[in-house]
Amino acid sequence: MISPTAGDDLITRGVLVNTAQLLEGDHKTAREQHLKIHVRPPYVVGKEQAFGLETAAVPREFASLFAVTHKEQVTDLEAQERLSGLAAYFAKTFKDCPIEDRQEASLVDVVDSAMRSMHEATVSCMPSVASMERNFPVTDRGETVLWIFQAFEVMGFSDHALFQTALILDRYYAKNHKSANIAPQSQESQEILIAAVCLALKIGPRPDVAFSLRMIVSHLSRQNMRAEAVMQAELRILRALRFVVGSPTVQDFLEVLSIRLAVFDSRISSLASYLLQLSLADAGLFHRYPPAVLVAAALALSLSTVQAPAEAYAVLKEDFALHFEAGAKEPSMLVPCCSDLHVFWLSSTTWLQSPAWKVAQHLQTKFAKKNYHGVSLLSPPFPTLPAVPFLS
C-alpha cells in the first residue's frame with residue numbers, strides 16, 4: 001500500500017504546481033487540474049485508485065507511486081475485517097457519502113486509538129472536588145452553573161462550549177488556592193467567569209464564535225467589563241492550569257458513544273445529554289467518575305428508560321471498552337456510576353429553591369422541547385434501576 005507520507009508529498013507537490021500556475025496567470029489550467037482531483041477515503045482502493053487520489057489526476061512520472069497490487073488489496077480487506085465495530089461503522093457509513101463529508105472516513109484508522117487517548121487526556125485533567133469546593137462553595141458554583149446554562153441558551157453557544165467552560169472553572173478553582181479569598185459577586189470573580197467562557201469559545205467549534213469576542217464580553221457583562229481585564233483573567237487561568245486547556249469533555253464522549261445507538265431510538269442521545277447536563281449541578285457526582293464512565297452510565301440509563309433492545313447494550317458495551325487497556329479498573333466503575341446517576345435523577349425533583357433545583361427546572365424546560373424529543377418529560381425507572389444486560 002502507498003504510505004501516507006508519499007501521498008502527502010504528492011498532494012503538496014500538486015498544490016505547489018497549482019499555485020505556480022495561478023501566480024503565472026494560467027487560471028484555466030489550474031482550475032482544470034484542481035477539478036480532476038477527487039478526495040476519496042483511504043479505505044476505498046481500486047485498480048486505478050490509491051490513498052484517496054485518482055491516478056487520472058496524477059502526473060505520469062508519479063503514477064508508479066500509486067500502483068496497487070492484488071495482494072495489497074487482499075491485505076486491505078483483511079485489515080477491514082479486524083476493525084472494531086465503531087471503525088467498521090465509519091467505513092460502511094461514509095463509503096458512498098458526498099465528497100464534502102468524506103473527511104469522516106479518516107476516523108476509520110484512528111478512532112480506536114483516539115478513544116483511548118481521549119480517556120487518558122480527561123483523567124489527567126480531572127479536578128479535585130475537595131479542593132474545588134474549598135475555593136468554590138457549592139452555592140456559588142450552583143449559581144454560576146445556572147448562569148452558564150441561561151446565558152449559553154440565549155447566545156446559542158454549543159454544548160461543547162458549555163461543558164468546556166464549566167470544566168475550566170472547576171479546574172481553576174481546584175488549582176488556585178488564592179481564589180478562596182475572592183468574593184462570589186466581586187468584579188474579579190465575574191472576570192474569571194467571562195474569561196472561562198472566552199477560552200472555551202476560542203478552543204471550541206468555530207460556529208460558536210459568530211461575533212467578535214469583544215462583542216461577546218460586552219454583551220455577557222452588560223457592558224460593565226473591559227475586554228483587557230478579561231484577557232488578564234484569561235492569563236491567570238492559563239497560568240493556574242499550566243496552559244493545559246481544551247481537554248475532551250463529556251460532550252465529546254457522548255457524540256462518539258451514541259453514534260451507533262441512534263438506530264435503536266432517537267431519544268437515547270437527547271436523554272443522555274439531559275442527564276449529563278443535570279449532573280453538572282453536582283460537582284461531587286460530575287467529577288467522581290471519568291467522563292467516559294459517566295457518559296456510558298448516562299447512555300445505559302437512557303437505554304433502560306426507553307426500553308431499548310439487548311443489541312443496543314451490546315453496541316454500547318463494545319464501544320465503551322475501546323477507551324481502556326485490558327484489565328483497567330474503569331469498567332468496574334460503570335455499575336456504581338449508573339446507580340448514583342439514577343438516584344440523582346430521581347432526587348432532582350426534590351431540590352426545592354436551591355441552585356441545583358433552579359438548574360433542574362431550567363433543564364426540564366429546555367429538554368421538553370421538540371428538538372430534544374421531550375426527554376425531560378420521561379419518568380426515570382422507579383423505584384430501582386432495572387437489570388441492565390451488560391451491567392448485571
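Structure notes:
- Selection of the range 293-318 for residues being among the polar types (S, T, N, Q) and either at pLDDT below 95 or farther than 11 Å from F264 by Cβ (or both) yields S304, T305, Q307.
- Restricting attention to the range 317-341, the residues that are in a helix (DSSP H, G or I), hydrophobic (A, V, I, L, M, F, W, C) and farther than 15 Å from F286 by Cα add up to 3.
- Selection from the range 209-264 of residues that are farther than 27 Å from A121 by Cα and assigned to a loop (DSSP other than H, G, I, E, B): A210, F211, S212, S221, R222, Q223, N224, M225, R226, V263, F264
- Answer residue from the range 358-370, given it is surrounded by fewer than 16 Cβ atoms within 10 Å (Cβ to Cβ) and not polar (S, T, N, Q) and is farthest from D282 (Cα to Cα) among those: K370
- Take the conditions (1) surrounded by 23 or more Cβ atoms within 10 Å (Cβ to Cβ); (2) on the phi > 0 side of the Ramachandran plot; H373 misses just one of them, which is (1).
- Among the conditions (1) farther than 23 Å from V111 by Cα; (2) out of contact with any helix residue (DSSP H, G or I) (no Cβ under 8 Å at 6 or more places or on another chain), the only one that E311 does not satisfy is (1).
- Selected residue (criterion: modelled with the lowest pLDDT) from residues of the range 71-103 that are surrounded by 13 or more Cβ atoms within 10 Å (Cβ to Cβ) and in contact with a Phe, Trp or Tyr (Cβ under 8 Å, 6 or more places away or on another chain): D76
- Criterion applied to N176, N181, N224 was being assigned by TED's automatic domain parsing to the domain that holds A151, within 15 Å of R141 (Cβ to Cβ) and at pLDDT below 90, and the one residue passing it is N176.
- Among the candidates S339, S332, S302, S348, residue that is of a type in the set (S, T, N, Q) and within 26 Å of S113 (Cα to Cα): S332
- Residue check for H323: out of contact with any Asp or Glu (no Cβ under 8 Å at 6 or more places or on another chain) and at pLDDT 90 or above: no
- V245 being of a type outside the set (K, R) and either surrounded by 19 or more Cβ atoms within 10 Å (Cβ to Cβ) or closer than 24 Å to G204 by Cα (or both): yes
- Among the residues of the range 115-152, those identified as under 30 Å from I259 (Cα atoms), surrounded by fewer than 17 Cβ atoms within 10 Å (Cβ to Cβ) and of a type in the set (G, A, S) are S117, A121, S124.
- Qualifying residue in the range 306-315 (condition: surrounded by fewer than 20 Cβ atoms within 10 Å (Cβ to Cβ), assigned by TED's automatic domain parsing to the domain that holds L334, among the charged types (D, E, K, R) and over 17 Å from the mean Cα position of the chain (by Cα)): yes
Every residue, every condition in (1) surrounded by 15 or more Cβ atoms within 10 Å (Cβ to Cβ); (2) under 16 Å from F163 (Cβ atoms), yes or no:
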| position | (1), (2) |
| --- | --- |
| Q187 | no, no |
| Q190 | yes, no |
| I194 | yes, no |
| L199 | yes, yes |
| G204 | yes, yes |
| V209 | yes, no |
| V217 | yes, no |
| L220 | yes, no |
| Q223 | no, no |
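- Residue selected from the range 280-301 under the condition outside any loop (DSSP other than H, G, I, E, B), more than 17 Å from the chain's Cα centre (by Cα) and touching a residue at least 60 places away in the same chain (Cβ under 8 Å), by the criterion surrounded by the most Cβ atoms within 10 Å (Cβ to Cβ): A300
- Of note, R260 does not satisfy the criterion of being at pLDDT 95 or above and not assigned by TED's automatic domain parsing to the domain that holds A174.
- Test: A196 is within 20 Å of V129 (Cβ to Cβ) and modelled with pLDDT of 95 or more: yes
- Residue list for the range 302-316, filter: among the small types (G, A, S) and either assigned to a loop (DSSP other than H, G, I, E, B) or on the phi > 0 side of the Ramachandran plot (or both): A308
The values are calculated or read from the model by the stated rules, or taken from the named source; none is laboratory data. Quantities reported herein were computed from a predicted structural model and do not represent experimental measurements. Methodologically, a virtual Cβ is constructed for each residue, glycine included, from the backbone with ideal geometry; neighbour enumeration extends over all protein chains shown.
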